[in-house]
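Structure first, commentary second.
The values are calculated or read from the model by the stated rules, or taken from the named source; none is laboratory data. None of these values were measured; they are calculated from a predicted model. Here the Cβ positions follow ideal geometry from the backbone for every residue, glycine too, while neighbour counts run over all protein chains shown.
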Amino acid sequence: MDQLEQLKQQWTASDGSYPKYSAGQLTGFIAKRSSSIVKWLFYIALIEFGIFGLLTILMYDTESQQHSKEIAGELFYYGSFVLHYVVIMGFIYLFYKNYKNIDAEQPTRSLMKNILKTRRTMKWYIWYNLGYIMIFTVALSILMLLNDPSITKMTEELHVKNMTTFNVAFVGIAVAIAAVMCGVFYLVYSLIYGILLRRLNKNYEELKKMEV
Amino acid sequence: MSKELEAEFVKQLEDNQNIVHKICRLYTNDQDAHNDLFQEVTIQLWKAYPKFRGDAKFSTWMYRVALNTAITLYRKSKRRVTTQAYESVEFKIADNQEHDESSEQIALLYTAIKQLNDIEKALVFLYLEDKNYRDISETLGISEVNARVKMNRVKTKLSNLINP
């Protein structure tokens, strides 16, 4: 293509038409804060760790918590907490490792891949937390049906005749509440990441297409 | 990081800043966005600078970091406004050149390049900077053959854009 060759020749000749920053201005730029997507991903991850961390702390040692401890038994109760924290620590480690691998010096494709990997880790972190909440809620509601004296009292007061229907409805409501919560979280995160990584995803697909 | 290192970096950046300006002009549509991207590239270059020392040529290293910032890391913060004033200064032909038909064609070509997607722009940019396909493939992280094939396709696309 002739024009492209001509443009190439004039490309260097056009150097004078660009602005020229002084050393002082450039030094000023260094001091400014980055607003790159990696920084945003980092902040979002911190918020995610914060939100789920806060949820666990808020739930801890409240009156209802004491109540669930009695119903579920200490082994189930503390066991699930210990397991939960071990997994969360694992996620924090993975996130840190991925984050450290993001480096503006690497080839574009690897850089994009590493960013998407970090985002995937956080996606799994959210799914894990939502799954944990879901299973914990369902397990607790079943244990409540089996062990909670207040449930027995309630069924008596309500003159429940068919216990099976009551049990199914009780667990069903617990699942529904957990599912709605998961749905809301999922929508919010899809929206945040969708906006943040739309361009990156598009460019990554473009590069991937070239390798086929 | 030490003051000497900073001074050394700023000096190199000052000498090679045209590379960054060219990328900014290719990837943004107004002066505000241009400055914004330039600033982000500077920050990313400075962050990566300690790793650079001793390695390749400063300018070669700069292509990678600057393009990565423009294509991947940069988050367009402002609304995209296409200002006519900026478009018209996009590719200035040196003053001593006659504004004949061919220079008009070249200006048209530059406008066509700006319509390409981010990856295609990067290919064309590296091509115009006279990088060989090995450098291009290493910068983008694709194979040399694929870089060549894609570049040929982009040439056809550009040709169709300027001669509809």
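For (1) more than 7 Å from chain A (Cβ to nearest Cβ); (2) assigned to a helix (DSSP H, G or I); (3) over 14 Å from the mean Cα position of the chain (by Cα); (4) under 13 Å from residue B:69 (Cβ atoms), each residue gets a yes or a no:
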site: B:9; (1), (2), (3), (4): yes, yes, yes, no
site: B:12; (1), (2), (3), (4): yes, yes, yes, no
site: B:20; (1), (2), (3), (4): yes, yes, no, yes
site: B:35; (1), (2), (3), (4): yes, yes, no, no
site: B:41; (1), (2), (3), (4): yes, yes, no, yes
| message | Looking at region A:1-25 only, could you name the residues that are at the interface with chain B (Cβ under 7 Å from one of its Cβ atoms), modelled with pLDDT of 90 or more and in a helix (DSSP H, G or I)? | response | A:23
| said: Step by step: first the residues of region B:28-66, then only those that are under 19 Å from residue A:33 (Cβ atoms) and of a type in the set (Phe, Trp, Tyr), then the one that is surrounded by the most Cβ atoms within 10 Å (Cβ to Cβ). Which residue is that? | reply: B:38
| request: Check region A:170-184 and report whether any residue there is over 17 Å from residue A:135 (Cα atoms), among the small types (Gly, Ala, Ser) and loosely packed, with under 14 Cβ neighbours inside 10 Å. | output: no
| note | Checked A:150, A:141 against criteria (over 29 Å from the mean Cα position of the chain (by Cα), among the small types (Gly, Ala, Ser) and closer than 30 Å to residue A:52 by Cβ); the one match is A:150
| Scope region A:108-139; condition over 30 Å from residue B:119 (Cα atoms) and of a type in the set (Phe, Trp, Tyr); matching residues | A:125, A:127, A:128, A:132, A:136
| field | Inter-residue pairs, beta-carbon under 8 Å, first touching a residue at least 12 places away in the same chain (Cβ under 8 Å) and in region B:146-164, second in a helix (DSSP H, G or I) and small (Gly, Ala, Ser), 6+ apart | value | B:147/B:137; B:158/B:112; B:161/B:112; B:162/B:112
| query | Could you count how many residues in region A:191-207 are surrounded by 12 or more Cβ atoms within 10 Å (Cβ to Cβ) and either more than 14 Å from chain B (Cβ to nearest Cβ) or touching a residue at least 40 places away in the same chain (Cβ under 8 Å) (or both)? | reply | 9
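So, in region B:128-144, how many residues would count as being assigned to a helix (DSSP H, G or I) and either modelled with pLDDT of 95 or more or more than 10 Å from chain A (Cβ to nearest Cβ) (or both)? Show your work before the answer.
We begin by selecting, within region B:128-144, every residue assigned to a helix (DSSP H, G or I); these are B:128, B:133-140, B:144.
With the extra rule that they be either modelled with pLDDT of 95 or more or more than 10 Å from chain A (Cβ to nearest Cβ) (or both), the set shrinks to B:133-136, B:144.
Qualifying residue count, region B:128-144: 5.
Here's the yes/no breakdown for (1) at pLDDT 85 or above; (2) within 14 Å of another protein chain (Cβ to nearest Cβ):
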position	(1), (2)
A:50	yes, no
A:58	no, no
A:61	no, no
A:85	yes, no
A:94	yes, no
A:103	yes, yes
A:108	yes, yes
A:112	yes, yes
A:116	yes, yes
| task | Can you confirm whether region B:86-100 contains a residue that is surrounded by fewer than 19 Cβ atoms within 10 Å (Cβ to Cβ), modelled with pLDDT of 70 or more and in contact with a helix residue (DSSP H, G or I) (Cβ under 7 Å, 6 or more places away or on another chain)? | result | no
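Conditions (1) closer than 30 Å to residue B:35 by Cβ; (2) of a type in the set (A, V, I, L, M); (3) assigned to a helix (DSSP H, G or I), marked per residue:
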residue: A:27; (1), (2), (3): yes, no, yes
residue: A:38; (1), (2), (3): yes, yes, yes
residue: A:42; (1), (2), (3): yes, no, yes
residue: A:48; (1), (2), (3): no, no, yes
residue: A:57; (1), (2), (3): no, yes, yes
residue: A:67; (1), (2), (3): no, no, yes
residue: A:85; (1), (2), (3): no, no, yes
